[in-house]
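Visitor: Let me give you the structure first, and then I'll get to my questions.
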Amino acid sequence: MHSIWAVAANTIKQALRMKIAAVFIVLLIVLLPVMGVSMTGDGTLKGRLQTFVSYSLSLTNLLLCLLTIIVSIYTLTNDIKQKQIYTVITKPIRRFQLLLGKLLGVVLLNIALLVLFSAIIYTITVYTPKFYGASEADLDSMNNEFFTARAALTPPEVDVTAEVLDTYEKLKKTGQLPPEAGENEIKAELTRRKQLWKRAAVVGQWLVWEFNNVRVLDPNESLFIRYKYEVSINPPDMQVYSRWDVGDNRQYPPAYESFLRKDPIRTFRELEVPAYLIADDGYLAIRFLNVPLNRTTVIFPPDGLEVLYKADTFTANFVRVVLLILFRLVFLASLGTLAATFLSFPVAILFSLCIFFTATISGFCLESFDYLGEKLTWVYYYTVRPLILLLPQFDKFNPAQFLVPARIVPWSLLAKVAGLMICIKAFLLLLLALLIFKFREIAKIII
Amino acid sequence: MEHAVETFSLTKIFSDWWGRNKVYAVDDLNLQVRGNEIFGLLGPNGSGKTTTIKLLLGLLYPSKGKAVVLGGDGADPKISARIGFLPEESYLYRYLNARETLDFYGRLFGLPANVRTMRIEALLDMVGLKAVANRPVGTFSKGMARRIGLAQALINDPDLLILDEPTTGLDPIGTRQIKDLILELAKRGKTILLCSHLLADVEDVCDRIAILYGGKIHAEGQVRDLLLQTNKKQITTGAISDTTIERIKRLIKDEHADCVVTSPMDKLETFFIKAVADAQQQARPTSGAVSTTEISAFLAAEASQKNILDKLVSASVSRETPSEPTATEQVVGVDTSEPESDEQLLRKLTKPAEPARPGPVPPNRKITTEPVKPKAHEQDEDKKSILDQLIRQMPDSTSPKDNTEQTDKNQ
């Protein structure tokens, strides 16, 4: 263990004194406060903070990712190229200890830098409101929609299988099936249409959502209904009028409270409702009326409606988001270590960057390949897809995507990411790295 | 006798990416280095010396055959804890300073903090880099880097020291010091595998040598046996008159042998060291030379530490000549700030290597040394603390073993 620590300490010294880390550190220390002052967002205090947190965290995340890749590769390839490893590996240290020491050094450096920069971002975020005068309403919306951590309830997708089968049989009987399409294709198309209809309201129609087990910390708090409209015909002022009823509809007369709204289309809006509307057993019903003032059908996109409620504090959530970043840094450090065991510096950097960027857009990759894959079938399912699934999905756990809408990062998600990204994927990479490093000849010059 | 290093048909083949163009860097090598000897591995560039060393240390894997180092695999931590290795160039971390460098390697050996600090200071003293200990190694000259590389190889007090071209980049004094150091370490029971193509260095220190060419051994044996010209004799005398010379010549002619009479020349090395000593006596200012005197000072200190320990452990008779222990013990406490001792140290530095050793041919040098008077009082405390440290740092059985080997050798 002492040798692992010695190598780790040396790695940190190397990163700092060879000025690799220094460049990134100076850049961030200068940029973060500048961003804090210059970012204004949409002009409101909330918008300002959202923009700052989003950009500063994304920048820190990106730069630390690059730093991790570079340092973890540099420290090993440089030792091999400059041959300092000759004097190290001939000491009583096993090869896996050397690799683990390097990795530990990079991870410790990452933790230190992450703590430093997230502390800067946190301080700027928390102290910004004190320097800018804001109206009461502005402060309210900031406290309720930014300085908090909210859990989200999404309505489950409605099961339309029976209806689809029914319609399909009808069409088949009447001979209206399009001859060129297969059965599965027609059924998929029918499902899409049916589900769209479940989320659409023609003029004068109600849509109802029901939720169970809504648990709020404090009944005096508020609930937030977050929604977005799509429309069949654009209204002249791009606005949709609506009536929302929230409460318990299981009794007669229903214990509803009504809200009249006018919202722009195709943007997320939030409706604040008091939490006491939730029934004692955690039941909550929400219904939406497409009022006759509109002359268009209103459609909610698949992610178009959520109920948000306060579940934790901003600080705790911020810490968890930073942990999410740390997990990906650990993964990247393992990836860099692996690349360095068998590639030279520039090639290893290229290799790791390719993987990093692919992981950053892995969601898009999976989607597009899945689409193509319908025709490629098993070739795709047994070759490309497992490879992409092996990559971590960085875009799925983007730090800004949680903090900007004040969305809670539950511990369960954190545990899941840690398990997948570190315990499985990073561990596999490390295992491979140890194997390669154990059997390669140190003194041989590699390309 | 157990071999410190032994190879069995060790072969290393380098091939290109396709597995073609085979180069036999080491070819069916059977090498035996006995315990407690100075073994020289000679050969022209590219003859497989360094490859052999890399094979011994596990930096390369043999294509065929096997290498046994200290009775095991050189890459095994248990074995490598007893090996000191100086590669052909001192590959050091440029951003660490000299002290941090030694500290790093000390930590790799898992030395406890107090032992580490003690050894680092002692080694820095020995290689004469104490004054620049806080400078990054990247700013060192080649010779200075070499010195810190050597210190790095000695930090674990190794049983087997593998030195690859130890004297490259060093000035003649540094070279002399390394050679003295090698002899001193051998006296203390270490095995040294030396690899060089500087024949003078090898000739001065090695007990046995092997000459490699194309990865194969072409000659092997005792240096003296290999170099001795049995058909010639040399007589060295003091200054004698021409008439005496004529008489000797006549005597030799009676035996029908030829005879050449010349005055012996100083080796350039000896001359150089004398010149530097003179300059230091006159206290000429210089940037680095002052520190070089410390090498032998430390070496002697090391030896005397051993002596104290030896006496304590085995209560055996001192192996030194009567005048020697006083001289060496005197050096224990020598502070570099005392200018008057420098001259004495330098004289000691230029003194011929231990005459008791059977191996190397003693060079023809005629510089006498005077025994130095001991300064008993102030050193007592120093000795005590050094002793304490030594006892703490030596939990293993190396010291008694060293001792018996040394006494064996001296008998």
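Visitor: Under 7 Å between Cβ atoms, which residue pairs at least 6 apart in sequence (or on different chains) link something in the stretch B:49-60 that is facing chain A (nearest Cβ under 7 Å) with a partner that is aromatic (F, W, Y)?
Guide: B:L57/B:F85; B:L59/A:Y86
Visitor: Among the residues of the stretch B:226-243, write down those that are open to solvent by 90 Å² or more (accessible area, probe 1.4 Å) and over 21 Å from B:K179 (Cα atoms). Before you say what the answer is, go through the steps one by one.
Guide: Step one: filter the stretch B:226-243 for residues open to solvent by 90 Å² or more (accessible area, probe 1.4 Å), giving B:227-235, B:239, B:242-243.
If the condition is that a residue be open to solvent by 90 Å² or more (accessible area, probe 1.4 Å) and over 21 Å from B:K179 (Cα atoms), then B:L228, B:Q229, B:T230, B:N231, B:K232, B:K233, B:Q234, B:I235, B:A239, B:D242, B:T243 are the ones that fit.
Visitor: Can you find a residue that is more than 14 Å from chain A (Cβ to nearest Cβ), open to solvent by 30 Å² or more (accessible area, probe 1.4 Å) and of a type in the set (D, E, K, R) anywhere in the stretch B:87-104?
Guide: So far as the stretch B:87-104 goes, no, none of its residues is more than 14 Å from chain A (Cβ to nearest Cβ), open to solvent by 30 Å² or more (accessible area, probe 1.4 Å) and of a type in the set (D, E, K, R).
For (1) touching a residue at least 12 places away in the same chain (Cβ under 8 Å); (2) within 17 Å of A:G304 (Cβ to Cβ), each residue gets a yes or a no:
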residue: A:K187; (1), (2): yes, no
residue: A:P236; (1), (2): no, no
residue: A:E270; (1), (2): yes, yes
residue: A:Y276; (1), (2): yes, no
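Visitor: Right, A:S242: of a type in the set (S, T, N, Q), out of contact with any Leu (no Cβ under 7 Å at 6 or more places or on another chain) and either open to solvent by 10 Å² or more (accessible area, probe 1.4 Å) or more than 20 Å from A:N144 (Cα to Cα) (or both) or not? First the steps, then the outcome.
Guide: Working: of a type in the set (S, T, N, Q): yes; out of contact with any Leu (no Cβ under 7 Å at 6 or more places or on another chain): no; either open to solvent by 10 Å² or more (accessible area, probe 1.4 Å) or more than 20 Å from A:N144 (Cα to Cα) (or both): yes.
Criteria not met by A:S242.
Visitor: Looking at the stretch B:98-147 only, could you name the residues that are aliphatic (A, V, I, L, M) and part of a loop (DSSP other than H, G, I, E, B)? Outline the logic, then answer.
Guide: Restricting attention to the stretch B:98-147, the residues satisfying the condition of being aliphatic (A, V, I, L, M) are B:98, B:102, B:108, B:111, B:113, B:115, B:118, B:120, B:122-124, B:126-127, B:129, B:131-133, B:137, B:144-145.
Scanning the stretch B:98-147 gives B:L111, B:L129, B:A133.
Visitor: Which of the following residues is of a type outside the set (A, V, I, L, M, F, W, C), closer than 20 Å to B:L41 by Cβ and free of Cβ contacts under 8 Å to residues at least 60 places away in the same chain: B:G74, B:G138, B:G149, B:G110?
Guide: Details: B:G138 fails: closer than 20 Å to B:L41 by Cβ; B:G149 fails: free of Cβ contacts under 8 Å to residues at least 60 places away in the same chain; B:G110 fails: closer than 20 Å to B:L41 by Cβ.
None of the others qualify; the one that does is B:G74.
Visitor: Still on this structure, I have one more. Determine which single condition B:M144 fails, assuming it passes every other condition in (1) more than 14 Å from chain A (Cβ to nearest Cβ); (2) touching a Leu at 6+ places or on another chain (Cβ under 6 Å); (3) buried (at least 22 other Cβ atoms within 10 Å of the Cβ).
Guide: (2)
Visitor: Check B:V137, B:V132, B:V69 and return the single one that is over 29 Å from A:K438 (Cα atoms) and within 13 Å of another protein chain (Cβ to nearest Cβ). Steps first, please.
Guide: On the way: B:V132 fails: within 13 Å of another protein chain (Cβ to nearest Cβ); B:V69 fails: over 29 Å from A:K438 (Cα atoms).
Answer to the selection: B:V137.
Visitor: Here is a further query. List every residue pair whose Cβ atoms lie under 6 Å apart, where the two residues are 6 or more positions apart in sequence or sit on different chains, the first residue falls within the stretch A:328-343 and is of a type in the set (G, A, S), and the second residue, located anywhere, is in a helix (DSSP H, G or I) and open to solvent by 10 Å² or more (accessible area, probe 1.4 Å).
Guide: A:A333/A:L103; A:A333/A:V107; A:S334/A:L429; A:S334/A:L430; A:A339/A:F351; A:A340/A:T77
Visitor: Right, here's the next one. Determine, yes or no, whether B:L194 is within 13 Å of chain A (Cβ to nearest Cβ), open to solvent by less than 20 Å² (accessible area, probe 1.4 Å) and not in a helix (DSSP H, G or I).
Guide: On the way: within 13 Å of chain A (Cβ to nearest Cβ): no; open to solvent by less than 20 Å² (accessible area, probe 1.4 Å): yes; not in a helix (DSSP H, G or I): yes.
Taking the combined requirement at face value, the residue does not satisfy it.
Visitor: In addition: Suppose we keep only residues that are touching a helix residue (DSSP H, G or I) at 6+ places or on another chain (Cβ under 7 Å) and open to solvent by 30 Å² or more (accessible area, probe 1.4 Å) within the stretch A:124-138. Which one would you say is nearest to A:R226 (Cα to Cα)?
Guide: First pass over the stretch A:124-138, keeping only residues touching a helix residue (DSSP H, G or I) at 6+ places or on another chain (Cβ under 7 Å): A:124-125, A:128-129, A:132, A:134, A:138.
Imposing the further condition that a residue be open to solvent by 30 Å² or more (accessible area, probe 1.4 Å) reduces the set to A:124, A:132, A:134, A:138.
Values: A:I124: 28, A:Y132: 27, A:A134: 24, A:D138: 18 Å.
Of everything passing the filter in the stretch A:124-138, A:D138 is nearest to A:R226 (Cα to Cα).
Visitor: Could you list all residues from the stretch A:417-443 that are open to solvent by 80 Å² or more (accessible area, probe 1.4 Å) and farther than 15 Å from A:V330 by Cβ?
Guide: A:L432, A:L435, A:K438, A:F439
Visitor: Which residues, counting only those in the stretch B:244-278, are surrounded by 13 or more Cβ atoms within 10 Å (Cβ to Cβ) and either of a type in the set (S, T, N, Q) or part of a helix (DSSP H, G or I) (or both)?
Guide: Selection gives B:I245, B:I248, B:K249, B:I252, B:E269, B:T270, B:F272, B:I273, B:K274, B:V276, B:A277.
Visitor: Now for a different question. For residues in the stretch A:66-101 being more than 13 Å from every other protein chain (Cβ to nearest Cβ) and open to solvent by 10 Å² or more (accessible area, probe 1.4 Å), which is farthest from A:S344 (Cα to Cα)?
Guide: Ranking the qualifying residues of the stretch A:66-101, first place goes to A:L100.
Visitor: Could you figure out which of (1) assigned by TED's automatic domain parsing to the domain that holds A:R287; (2) over 16 Å from A:V291 (Cα atoms); (3) touching a Pro at 6+ places or on another chain (Cβ under 8 Å) isn't true of A:M238?
Guide: (2)
Visitor: Do you know which residues across the stretch B:202-214 are modelled with pLDDT of 85 or more and either assigned to a strand (DSSP E or B) or more than 19 Å from B:T168 (Cβ to Cβ) (or both)? Walk me through how you get there before you give the answer.
Guide: Going residue by residue through the stretch B:202-214, those that are modelled with pLDDT of 85 or more are B:205-213.
B:D207, B:R208, B:I209, B:A210, B:I211, B:L212, B:Y213 - these are the residues of the stretch B:202-214 that are modelled with pLDDT of 85 or more and either assigned to a strand (DSSP E or B) or more than 19 Å from B:T168 (Cβ to Cβ) (or both).
Visitor: If A:L114 satisfies every condition in (1) within 25 Å of the chain's Cα centre (by Cα); (2) within 14 Å of chain B (Cβ to nearest Cβ) but one, which is the exception?
Guide: (2)
Visitor: With A:A359, A:A285 as the choices, which residue is small (G, A, S) and over 21 Å from A:L67 (Cβ atoms)? Before you say what the answer is, go through the steps one by one.
Guide: Numbers: A:A359 fails: over 21 Å from A:L67 (Cβ atoms).
When all the criteria are applied, what remains is A:A285.
Visitor: Any residue that is farther than 24 Å from A:V158 by Cα, modelled with pLDDT of 85 or more and over 29 Å from the mean Cα position of the chain (by Cα) - is there at least one of those in the stretch A:285-293?
Guide: Yes, because at least one residue in the stretch A:285-293 is farther than 24 Å from A:V158 by Cα, modelled with pLDDT of 85 or more and over 29 Å from the mean Cα position of the chain (by Cα).
Visitor: Name the helices (runs of 4 or more DSSP H) wholly inside the stretch A:395-443 in which the number of residues that are closer than 22 Å to A:T148 by Cβ is 2 or more. Lay out the reasoning, then the answer.
Guide: Working: elements: A:399-403, A:411-417, A:427-439.
So the answer is A:399-403, A:411-417.
Visitor: Looking at B:D201, B:D254, which is the one that is touching a Lys or Arg at 6+ places or on another chain (Cβ under 9 Å) and of a type outside the set (S, T, Y)? Show your work before the answer.
Guide: Values: B:D254 fails: touching a Lys or Arg at 6+ places or on another chain (Cβ under 9 Å).
None of the others qualify; the one that does is B:D201.
Visitor: When only residues in the stretch B:1-46 that are surrounded by fewer than 17 Cβ atoms within 10 Å (Cβ to Cβ) and among the small types (G, A, S) count, which is farthest from the chain's Cα centre (by Cα)?
Guide: If we take residues in the stretch B:1-46 being surrounded by fewer than 17 Cβ atoms within 10 Å (Cβ to Cβ) and among the small types (G, A, S), then B:G19 is farthest from the chain's Cα centre (by Cα).
Conditions tested, residue by residue: (1) open to solvent by 70 Å² or more (accessible area, probe 1.4 Å); (2) modelled with pLDDT of 85 or more; (3) under 30 Å from A:T123 (Cα atoms).
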| residue | (1), (2), (3) |
| --- | --- |
| A:V322 | no, yes, yes |
| A:L329 | no, yes, yes |
| A:S344 | no, yes, no |
| A:I349 | no, yes, no |
| A:E367 | yes, no, no |
| A:T377 | no, no, no |
| A:V384 | no, no, no |
| A:Q393 | no, no, yes |
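Visitor: If I ask for residues that are within 14 Å of another protein chain (Cβ to nearest Cβ) and crowded, with 18+ Cβ neighbours inside 10 Å, which ones from the stretch A:21-58 would you list?
Guide: Looking only at the stretch A:21-58, we keep the residues that are within 14 Å of another protein chain (Cβ to nearest Cβ), and these are A:21-22.
Across the stretch A:21-58, the qualifying residue is only A:A21.
Visitor: Got at least one residue in the stretch A:244-252 being touching a residue at least 12 places away in the same chain (Cβ under 8 Å) and under 15 Å from A:L153 (Cβ atoms)?
Guide: Residues of the stretch A:244-252 touching a residue at least 12 places away in the same chain (Cβ under 8 Å): A:244-250.
After this cut, where a residue has to be under 15 Å from A:L153 (Cβ atoms) as well, the list is A:246.
Checking the stretch A:244-252: at least one residue is touching a residue at least 12 places away in the same chain (Cβ under 8 Å) and under 15 Å from A:L153 (Cβ atoms).
Visitor: Grab the strands (runs of 3 or more DSSP E) fully contained in the stretch A:182-272, keeping just those with 2 or more residues being within 28 Å of A:G47 (Cβ to Cβ).
Guide: Numbers: elements: A:206-211, A:222-227, A:239-248, A:255-264.
Filter on the stretch A:182-272 gives A:222-227, A:239-248, A:255-264.
Visitor: Name the residues in the stretch A:7-45 that are free of Cβ contacts under 8 Å to residues at least 24 places away in the same chain, hydrophobic (A, V, I, L, M, F, W, C) and in a loop (DSSP other than H, G, I, E, B), would you?
Guide: Once the filter is applied, which keeps residues that are free of Cβ contacts under 8 Å to residues at least 24 places away in the same chain, hydrophobic (A, V, I, L, M, F, W, C) and in a loop (DSSP other than H, G, I, E, B), the stretch A:7-45 yields only A:M39.
The values are calculated or read from the model by the stated rules, or taken from the named source; none is laboratory data. Predicted model, so just to flag it, every value in this text is computed and none were measured. Please note: Cβ atoms are built from the backbone with ideal geometry, for glycine as well, and neighbour counts cover all protein chains shown. Accessible surface is based on the protein model in full, side chains and every heavy atom, while ligands, DNA and RNA are left aside. Shrake-Rupley method; radii C 1.70, N 1.55, O 1.52, S 1.80 Å.
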